[in-house]
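The values are calculated or read from the model by the stated rules, or taken from the named source; none is laboratory data. Please read these numbers as outputs of a predicted model, since none were measured by experiment. So basically every Cβ, Gly included, is an ideal-geometry build from the backbone, and we count neighbours across all protein chains shown.
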Amino acid sequence: MKHATTMSSIDKATPQPDIGENHNVLDLHAAILREQAEPRDGFEPIPAWLTFVFGAIIFWGGYYLASFNGGFRVTEYDERRNGASDSLAKSTAPVDPVVLGKRLYTANCAACHQPTGLGVSGQFPPLADSEWVLGEPAMLKNILLHGLQGPLKVKGQSYNGNMPAFGARLSDDQLSLVLSYIRQEWGNAAAPILPESIAAQRKAFAQRTNPWSESELKTLPPDPIAVEKAG
Amino acid sequence: MSDQTISTAQTESQRQAFARQRAAIDASARWPVLGFFTGSVVWLLVGTGLALLASIKLHSPEFLDGPSWLTFGRIRPAHLNTVAYGWASQAGIGVTLWSMARLSRTELRYPRLLMFAVLLWNIGMLVGTIGILAGEGTSIEWLEFPAFAPPFFALAFAIVTVSTMVTFSNRREPHVYVTQWYLIGAVFWFPWLYTAANLLVIYASVSGVSQASINWWYAHNVLGLWMTPIGVGSTYYLLPKVLGRPIYSYQLSLLGFWSLALFYNWAGVHHLIGGPLPAWLITLSIVGSVMMLIPVITVAINHHMTVLGSFRQLRYSPTLRFIVFGAMSYSAVSIQGSLQSLRTINEVTHFTHYTVAHAHMGAYAFFTMIMFGSIYYIVPRLTGWEWAAGGLISFHFWSTSVGVLVYFIALTFGGWYQGLDLNRADVPFMTIVRNTLPYLQVRSWAGILMAAGHLAFAALFVMNLLHIGKQRSGPTLFFDRPDAATLTVIGDASGRTV
Amino acid sequence: MNQGPTIFLGVFLTFASAWLGLVVAPYVQFEAQRSQNAAKVDAPPETPMEGLAAQGRQVYRANGCVYCHSQQIRPENFGSDIARGWGPRRTVAQDYVGERPVMLGTMRTGPDLANIGTRQTSAAWHHLHLYNSRITSPGSIMPRFTFLYEQRKVVGQRSSAALTFPPEWDVKPGYEVVPTNEAKALVAYLLAMDRSRPLEEPGP
C-alpha cells in the first residue's frame, strides 16, 4: 500500500501534534482529494405538526399501559383484567358437545385417524363408515378403554397395529364426548354414547391391563346398558 | 478549527490540510477496518450458502439430507449466526471504527490490538458455527453459539469498544456529530447486552420463562441497539457527506437519538405476545414498540429533507443508492414492526413466515444494504483503488434490491394467509403447510438472486484489494456524470457532489 | 451535545432502566412466585423431567426442533391453539419451572408440542414420524431424522425395538431399523411433554 505511516508511529494513545505532515499532497489519491467536508448540522426547527403527532402517540402509549397492565402482578396473564381480583370466572355458557368432542378428537385421535376420519391406508383404520364405530357399542368403548393390538379387518382391509389405551388418559365424560362425536361425523349416524355406559364397561373390565385383540372384541359379552338413549 | 465549516469558507490550504488529515486517519484505520470487512465478506458468502440450503429444505425436506450436520434445525441457526455476527456485525464494526476516527478527526487507536480482535472474532465465528452444526447449539435464538464461543467475541468486542472510545476521547473536532452519538451508544450497549445475556442464559442457572424474557430482550436489542444505531449513524454520515449538504435539523437529530435510546430497549418481549408471561411485561413491550414510531418518523424526516432536491444523484452514486434504499427500508420495516406488535395483528402474524419476512426487511433491506453502501464508500479510501466495474455494482444493487423485495412480498403474503388459517381451528394443519409451499419456493428463487448479488460484491471486493481493474482517477459510478471531468479537482467550492 | 459524559450518561441510564424493567424485575417476580409455589404441600416437582426424557430434551435442542415447533399455548380468546386441541388451557410460567433451555419457539411450521405427550401417546408412531415424517403424515415437510436410527442386518431374531413400517415403506428384507439411544431419549421427551395439569389456584 502506498502511503505507509508506520504502525508503531500511531500505536500510541496520544497522536502526533500535527497529523498528516508525512503526506505529500501529491501522494494523496483521488478519493480523498475530491471529498466534501465532513458533514455538518443544519438547524431547521422541529415541525410543529410533528409535536402534535408525537403527543398523540405518547398519549396512546400512556392509555394503553394504564389499561392493560394487569395490575403489574406476576399472576395476571390476561391484559384485559386490571388485577382487581385474582380469579377469572370460568365461562358458564354450555358448549355444544359436538364441538367439545371434536376438540378431543383433534387432540387425541386425528394424528393417526386423520381429521377426515379416513385414517391412513394400511396403517391407521378409517372411522368413517366403519363397522367398529357404528356397530355394537361395547366393542368401541372397550377399544378406547384398553387399546387394541394385532391383526384387524376394517371395511375389508387388513391392519396390524397398536392402538394405545385411553382409559387412563380420558375420563368417562371425555370418552363419551369423543365417541359420540365420531359416531355422528363424516356421514356416520349412530346414537351418542353416555358416560354411564362407559363407566359400566370400565367397571366390568377393571382388572384388564392388556389391549384387546380382534377376536376377543368380537366375543365380548353384551353391554349391560343395552340401548343408548338418544340425545 | 472545525472541518465542518461551510465548504466555501475553506481556503485552499485548509482543504489540503484536511485532506492530509483524512489520509492519515485512513492510513491508521486501514488494516483493522479492511480486516473486519474481509471477515464480513467471507461470512456473508458462508451465511448466504446456509440460507439457500435452509430455504430449499423447507419446501424440499429431503434435499441434501442424511448426516446430522445438514439437518434444517442446525443449518437454520448456523445461517442466522453467520450473517448476524459474521457478516453484519463485522461490517458494522468496520464502519464504526472508520467513522468514529474520521468524525473525531484523529487516528484510530490501537490498530494492532484491533487486528488481534479481527482474529479473535473470526476464530469465534468458526468454532461457534462448527459447534452449531455439530449439535452443540443452544437453541436459544440469536445466542446459539455454544458456551466455548462467546469469550472470543466478548474479548474482541472489548478491544473494539476501548479503541472507539479512546479515539473519541482524543478527538480534535470539538463538535460531536450525531453519528458519533449513535456509535457511542452502539459500542456501549452491545457488549453489555452480549455479556449479560450470555452470562445469565448460557452460563448461569437462569431457567424457565425468565430465560425467555432475557433471550428476547437481548435478541431484539441486537437489532435495535447494535445494528440500528450503526445503520442510522452511517446514513447520517454518508448522506450529507456524499451530497455535500448539511443534515436538515440538529433538533430532529437529538430527538431521534434520545427517543431511540429510551424506547427501543423496551420492545423485546413483543416476541412473546400470547406466551407464558404476565400481562404487564407484554404490555410494556407493546408500548415500547409503538413508541418507536417517534424516533423512526423523526429520522425519516431528517434524512428525507436532507436528500430532497438531490434525488437525481441516486442515478450516479452507488453509496447513495444503497444507503437511501436502506434508509427507506428502515422507515418501512420499523412502522411495520410497531404495527405487528399490536395484539390484534400479532394474533395473526405470530409463529408464521410473516415474521421471517419482517426480520429480513430489517436485517437485510435496511442494515445490509446500508453496509453495502458504506463499504462502497470506505474501501477505496483505504486501498487507494477505485472499484473495478460500475456494471458489477449495478448488478449487485439490482439483484439484491429486487431479491429482498420479492422475498419480503412472498413471505408477507404467505405468512399472513398462514396466520389466518392457523387461527381457524377447522383448517387442518397439513392444508396450511401445503398452502405455504409456493411462497417458500418463491423465497428460494429470491434467495438465489440475492446470492448472485453477493458473489458480485465479493468479486468486486477481492478485485479492489488486489488492485485489479484499470486505474481510475474518478469514482466508480453507475453512469458517467456530465461534469465528470471536474470531479478530481481538489476543493471544489461549488458544492458539487461525488 | 458536545460532552462525552452527557452522552455516556444518557446512554447508560436509558439502557439500565429497560434492563431493570425487562430482565431484573420479571426475574425477581418469577423467583418469588416459584419459591411461594414450592412451599406448598402439594407442589409439583421442581425438576420437570428426569432420566431418559431429560436426555431427550438435549436431543431436541441439538437438532433445532424449536425452529419449527413452538411449546406454548395461547389463551382461549387469542388464536385458536385451544380450539385446535393443542392444550386444555394456556401455558403459564409455572409450566416451565426448572427447564433449561426453555424452548418456547417462535415458529409453527409444524404444530405446537406443549402437550404432545397427552395427544400422541404412541412411541412407535413417534419413531416412524421421526425416521420419515411422510410415513405417518403425508404432505409433511419435516426433515428426516434417519441419522437418529440405525439400519442394520437382522442377526438372528429381529430386535424388539425395530421399527414396524407399512408395506410400501418397508426396508429391504433381512434388514431392520432400530432407534439409537438418542432417538429413544427424544421420544421419551416427547411422550413426557404435558402442560395440561389444572392450576391449583384460579389462574388465567
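Can you pull out every residue in the range B:202-226 that is of a type in the set (F, W, Y) and more than 10 Å from chain C (Cβ to nearest Cβ)? Passing the criteria: B:Y203, B:W226. When we screen A:L50, A:L28 for residues that are more than 14 Å from chain C (Cβ to nearest Cβ), at pLDDT below 85 and surrounded by 16 or more Cβ atoms within 10 Å (Cβ to Cβ), the only hit is A:L28. What do you reckon, is B:W192 in contact (Cβ under 8 Å) with a residue 40 or more places away in the chain, out of contact with any Ser or Thr (no Cβ under 7 Å at 6 or more places or on another chain) and either facing chain C (nearest Cβ under 10 Å) or not polar (S, T, N, Q) (or both)? In short, no.
Contact map, the range A:33-47: first residue free of Cβ contacts under 8 Å to residues at least 40 places away in the same chain and under 30 Å from B:P380 (Cβ atoms), second residue assigned to a strand (DSSP E or B) and β-branched (V, I, T), Cβ cut-off under 8 Å, separation 6 or more or different chains; pairs are A:P39/B:I247; A:R40/B:I247; A:D41/B:I247; A:G42/B:I247. Checking the structure you have, find out if any residue of the range C:64-87 is crowded, with 22+ Cβ neighbours inside 10 Å, more than 11 Å from chain B (Cβ to nearest Cβ) and among the basic types (K, R). Checked the range C:64-87: no residue is crowded, with 22+ Cβ neighbours inside 10 Å, more than 11 Å from chain B (Cβ to nearest Cβ) and among the basic types (K, R).
State all residues of the range B:379-401 that are part of a helix (DSSP H, G or I) and under 21 Å from B:V95 (Cβ atoms); if no residue qualifies, say none.
Correct list: B:V379, B:P380, B:R381, B:L382, B:T383, B:I393, B:H396, B:F397, B:T400, B:S401.
B:I132 meets all of the listed conditions (1) touching a residue at least 60 places away in the same chain (Cβ under 8 Å); (2) aliphatic (A, V, I, L, M); (3) part of a helix (DSSP H, G or I); (4) crowded, with 24+ Cβ neighbours inside 10 Å but one, namely (1).
The residue that is modelled with the highest pLDDT, counting only those in the range C:9-52 that are outside any helix (DSSP H, G or I) and charged (D, E, K, R), is C:E50. Within the set B:L411, B:L382, B:L437, B:L449, the sole residue that is in contact with a Leu (Cβ under 6 Å, 6 or more places away or on another chain) and of a type outside the set (S, T, Y) turns out to be B:L382. When B:A91 is tested against (1) closer than 22 Å to B:L50 by Cα; (2) over 17 Å from the mean Cα position of the chain (by Cα), only condition (2) is not met. Residues in the range C:88-100 that are more than 12 Å from chain A (Cβ to nearest Cβ) and either of a type in the set (K, R) or touching a Ser or Thr at 6+ places or on another chain (Cβ under 7 Å) (or both): 3 in all. Taking the range B:345-387 as the range and being within 14 Å of chain C (Cβ to nearest Cβ) and closer than 18 Å to B:L293 by Cα as the test, the residues that pass are B:I345, B:N346, B:H358, B:A359. I'm trying to understand the selection: among the residues of the range C:101-131, which are among the polar types (S, T, N, Q) and more than 9 Å from chain B (Cβ to nearest Cβ)? Those that are among the polar types (S, T, N, Q) and more than 9 Å from chain B (Cβ to nearest Cβ): C:N115, C:T118, C:Q120, C:T121, C:S122. Candidates in the range B:149-178 are the residues that are assigned to a helix (DSSP H, G or I), over 21 Å from the mean Cα position of the chain (by Cα) and among the β-branched types (V, I, T); of these, the one that is nearest to B:T129 (Cα to Cα) is B:V162.
Filter the range B:310-343 down to the residues that are closer than 22 Å to A:P45 by Cα and within 13 Å of another protein chain (Cβ to nearest Cβ) and list them by number. Scanning the range B:310-343 gives a single hit, B:S310. B:I56 falls short on exactly one of the conditions (1) more than 14 Å from chain C (Cβ to nearest Cβ); (2) under 26 Å from B:F457 (Cβ atoms); (3) surrounded by fewer than 23 Cβ atoms within 10 Å (Cβ to Cβ), and that condition is (1).
Looking at B:T71, B:T106, B:T96 in this structure, which one is away from every other protein chain (no Cβ under 12 Å) and among the β-branched types (V, I, T)?
Details: B:T71 fails: away from every other protein chain (no Cβ under 12 Å); B:T106 fails: away from every other protein chain (no Cβ under 12 Å).
None of the other options fit; the residue is B:T96.
The residue that is nearest to the other protein chains (Cβ to nearest Cβ), among those in the range B:30-49 that are buried (at least 24 other Cβ atoms within 10 Å of the Cβ) and not small (G, A, S), is B:P32. Hey, B:S399 hits all of (1) over 14 Å from B:M450 (Cβ atoms); (2) touching a residue at least 24 places away in the same chain (Cβ under 8 Å) but one; which does it fall short on? For B:S399, the exception is condition (1). Number of residues in the range B:101-148 that are among the hydroxyl-bearing types (S, T, Y) and either over 23 Å from the mean Cα position of the chain (by Cα) or over 22 Å from B:F36 (Cα atoms) (or both) equals 4. Looking only at the range B:454-476, which residues are on the phi < 0 side of the Ramachandran plot and in contact with a helix residue (DSSP H, G or I) (Cβ under 6 Å, 6 or more places away or on another chain)? If the condition is that a residue be on the phi < 0 side of the Ramachandran plot and in contact with a helix residue (DSSP H, G or I) (Cβ under 6 Å, 6 or more places away or on another chain), then B:H454, B:A456, B:F457, B:A458, B:L460, B:F461, B:N464, B:S473, B:G474, B:T476 are the ones that fit.
Listed by position, the helices (runs of 4 or more DSSP H) contained in the range A:105-168 that have at least 1 residues being surrounded by 15 or more Cβ atoms within 10 Å (Cβ to Cβ) and of a type in the set (K, R) are A:137-146.
For the range B:237-250, which residues satisfy the criterion of being over 16 Å from C:T6 (Cβ atoms) and within 7 Å of chain A (Cβ to nearest Cβ)? Residues satisfying the conditions are B:Y237, B:P240, B:K241, B:G244, B:P246, B:I247, B:Y248, B:S249.
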